[in-house]
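Asker: Let me give you the structure first, and then I'll get to my questions.
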């Protein structure tokens with residue numbers, strides 16, 4: 001669409017700008033401010049430059065939770081994206097079953113995050129939970145509060161339960177937007193269902209998948225409440241992710257300087273990875289368009 | 001629809017519903033029964049857990065607090081995001097792309113990062129422990145997403161409609177509210193769905209910015225964990241009650257969801 005050049009449009013954007021500036025810029029500047037000072041009390045603060053950054057970057061606690069965080073987000077994306085696409089392909093397209101499956105799928109998305117943790121706690125505990133009871137009944141020793149592997153599996157399963165629906169719903173709406181003519185053409189060509197998926201459905205899903213992968217990456221990278229309720233970060237530190245390490249540092253130990261430096265690094269990592277995702281995906285897209293125009 | 005597809009979707013739905021069923025099952029049991037042994041439905045059906053919540057103001061006020069700031073958040077989000085999205089979809093102006101990207105970066109800020117500064121900021125302006133503080137804090141996540149979604153929907157409406165309206169002599173306000181908004185009603189529905197979703201489910205900021213008067217239900221739930229162990233029955237009942245508003249919202253927007261989840265840009 002060709003847009004008109006008009007700087008008066010700034011007046012329409014101004015409320016958003018002021019609102020977000022108030023709740024984003026001021027706090028962010030506060031964090032930056034803390035991250036370069038050593039603060040003893042109201043009147044005693046010293047400029048320490050990048051000292052906190054160096055300290056935090058060489059802190060094994062941060063390195064460990066960062067590694068765990070990447071492993072976690074990576075695994076979550078690898079499971080949820082293909083599973084979400086599969087679920088979207090299986091969803092009924094018309095009638096009351098379509099509405100029903102939409103409602104069922106959207107359900108986990110609208111449950112408060114700590115309740116998600118509670119639900120899985122009640123469901124997976126080996127003494128009162130159905131899942132824990134059944135697994136132990138099958139003769140497999142399972143206890144997520146004492147075994148790190150079990151804890152990981154439980155947290156991952158919870159995340160899959162919680163968020164696969166988002167990918168599925170995004171893909172479902174992407175699939176609905178494909179005109180029937182495409183499928184008719186495929187039927188005339190006697191395309192296999194794999195070919196239909198690969199050459200018709202998947203390319204059309206690209207737009208929503210970019211959004212889905214970005215949202216899932218960002219949210220899984222910031223995960224806090226669900227594992228906090230479910231495992232409390234344990235056993236040991238095995239399910240302590242970045243946000244929890246950070247809140248422990250800022251509120252538990254009140255190490256404001258290092259916590260602020262940590263915050264800035266954390267934010268920059270999310271920004272950087274999101275930007276990398278976004279540019280690689282859109283570049284791939286451009287290359288493809290170029291290739292096609294050469295043919 | 002083929003049979004394997006039907007089996008697939010039914011088994012996935014079962015996977016989604018099973019933990020929720022277990023929560024509901026627990027909420028109708030007494031604590032003795034919960035810890036006593038496993039049963040697939042309550043042997044001694046009881047409403048006692050729900051009674052605890054409905055008779056204690058410090059419990060049920062938590063629900064009112066949560067609903068109050070979520071509604072407030074959705075309202076503020078819509079009011080500021082609608083004109084901004086219109087500007088982004090219709091006009092080019094100095095710094096538009098940067099502004100749009102900057103808005104989106106706020107969606108990428110981990111809430112844990114903003115915990116302490118938010119607390120100090122809202123305390124210093126006297127908003128601590130008010131509903132508006134939580135609503136404003138949640139705007140940080142809901143506004144960028146809302147602008148993004150609405151911009152997609154608005155760009156799908158042809159420009160000619162705006163121009164025709166101006167030629168016919170409509171003022172901007174009249175055109176925008178009476179003619180334009182109805183055209184993007186499903187976009188508005190989806191925006192409300194998303195702002196509701198991210199505000200209703202968020203706990204970290206909501207808990208930090210409140211102490212008594214505006215405390216959300218999710219934070220009140222932690223009191224079931226006491227010295228004598230966990231009050232599983234009441235915890236489950238409180239959990240069940242937090243799911244209900246979500247179901248209502250999905251029910252109202254179900255016809256827009258299929259179109260709307262594509263965020264208008266397929």
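The values are calculated or read from the model by the stated rules, or taken from the named source; none is laboratory data. All of these numbers come straight from a predicted model, not from anything done at the bench. With ideal geometry, Cβ positions are generated from the backbone for all residues, glycine too; neighbour counts draw on all protein chains shown.
Asker: If we scan segment B:53-63, do we find a residue that is within 13 Å of chain A (Cβ to nearest Cβ) and out of contact with any strand residue (DSSP E or B) (no Cβ under 8 Å at 6 or more places or on another chain)?
Answerer: yes
Asker: Just to be sure before I move on: is residue A:223 buried (at least 17 other Cβ atoms within 10 Å of the Cβ), facing another protein chain (nearest Cβ under 9 Å), touching a residue at least 40 places away in the same chain (Cβ under 8 Å) and closer than 24 Å to residue B:198 by Cα in the structure I sent? Please lay out each step first, then the result.
Answerer: Working: buried (at least 17 other Cβ atoms within 10 Å of the Cβ): yes; facing another protein chain (nearest Cβ under 9 Å): no; touching a residue at least 40 places away in the same chain (Cβ under 8 Å): yes; closer than 24 Å to residue B:198 by Cα: yes.
Taking the combined requirement at face value, the residue does not satisfy it.
Asker: Every residue in segment A:52-89 that is in a helix (DSSP H, G or I) and without any contact (Cβ under 8 Å) to a residue 24 or more places away in the chain, please. It would help to see each step written out before you state the result.
Answerer: Filtering segment A:52-89 for residues in a helix (DSSP H, G or I) gives A:52-57, A:60-89.
A:54, A:60, A:63, A:67, A:70, A:71, A:74, A:78, A:82, A:86, listed by residue number.
Asker: Give B:144, B:158, B:117 a once-over and let me know the one that is under 27 Å from residue B:213 (Cβ atoms), assigned by TED's automatic domain parsing to the domain that holds residue B:80 and free of Cβ contacts under 8 Å to residues at least 60 places away in the same chain. Even if it seems obvious, please write down each step before you answer.
Answerer: Details: B:144 fails: under 27 Å from residue B:213 (Cβ atoms); B:158 fails: under 27 Å from residue B:213 (Cβ atoms).
Being under 27 Å from residue B:213 (Cβ atoms), assigned by TED's automatic domain parsing to the domain that holds residue B:80 and free of Cβ contacts under 8 Å to residues at least 60 places away in the same chain holds for just one of B:144, B:158, B:117, which is B:117.
Asker: Here are the criteria: (1) within 30 Å of residue B:57 (Cβ to Cβ); (2) buried (at least 22 other Cβ atoms within 10 Å of the Cβ). Tell me which single one residue B:219 does not satisfy.
Answerer: For residue B:219, the exception is condition (2).
Asker: Related question: Do any helices (runs of 4 or more DSSP H) entirely within segment B:83-181 hold 2 or more residues that are within 7 Å of another protein chain (Cβ to nearest Cβ), and if so, which?
Answerer: Helices (runs of 4 or more DSSP H) meeting the threshold: B:96-107, B:111-124, B:131-155.
Asker: How do the helices (runs of 4 or more DSSP H) wholly within segment A:98-211 filter down when requiring 2 or more residues that are at pLDDT below 85: which remain?
Answerer: A:130-137, A:148-176
Asker: Every residue in segment A:174-201 that is in contact (Cβ under 8 Å) with a residue 24 or more places away in the chain and either more than 23 Å from residue A:274 (Cα to Cα) or surrounded by fewer than 18 Cβ atoms within 10 Å (Cβ to Cβ) (or both), please. Walk me through how you get there before you give the answer.
Answerer: Going residue by residue through segment A:174-201, those that are in contact (Cβ under 8 Å) with a residue 24 or more places away in the chain are A:174-178, A:197, A:201.
Answer for segment A:174-201, where residues must be in contact (Cβ under 8 Å) with a residue 24 or more places away in the chain and either more than 23 Å from residue A:274 (Cα to Cα) or surrounded by fewer than 18 Cβ atoms within 10 Å (Cβ to Cβ) (or both): A:175, A:176, A:177, A:178, A:197, A:201.
Asker: Name the single residue, out of those in segment A:90-103 being buried (at least 19 other Cβ atoms within 10 Å of the Cβ) and free of Cβ contacts under 8 Å to residues at least 12 places away in the same chain, that is nearest to the other protein chains (Cβ to nearest Cβ).
Answerer: A:90
Asker: Determine which member of the set A:182, A:144, A:133 is at the interface with chain B (Cβ under 10 Å from one of its Cβ atoms) and more than 21 Å from the chain's Cα centre (by Cα).
Answerer: A:133
Asker: Right, next: Quick one: is residue B:182 surrounded by fewer than 23 Cβ atoms within 10 Å (Cβ to Cβ), under 21 Å from residue B:74 (Cα atoms) and at pLDDT 85 or above?
Answerer: Answer is yes for this residue.
Asker: Report the residue count in segment B:197-227 for those that are farther than 28 Å from residue A:165 by Cα and part of a loop (DSSP other than H, G, I, E, B).
Answerer: Narrowing segment B:197-227 to residues farther than 28 Å from residue A:165 by Cα: B:208-215, B:223-227.
Now restrict to residues that are part of a loop (DSSP other than H, G, I, E, B): B:209-215, B:227.
Selection size over segment B:197-227: 8.
Asker: Looking at segment B:5-19, can you tell me whether even one residue there is surrounded by 14 or more Cβ atoms within 10 Å (Cβ to Cβ), closer than 16 Å to residue B:237 by Cα, in contact (Cβ under 8 Å) with a residue 40 or more places away in the chain and within 14 Å of chain A (Cβ to nearest Cβ)?
Answerer: no
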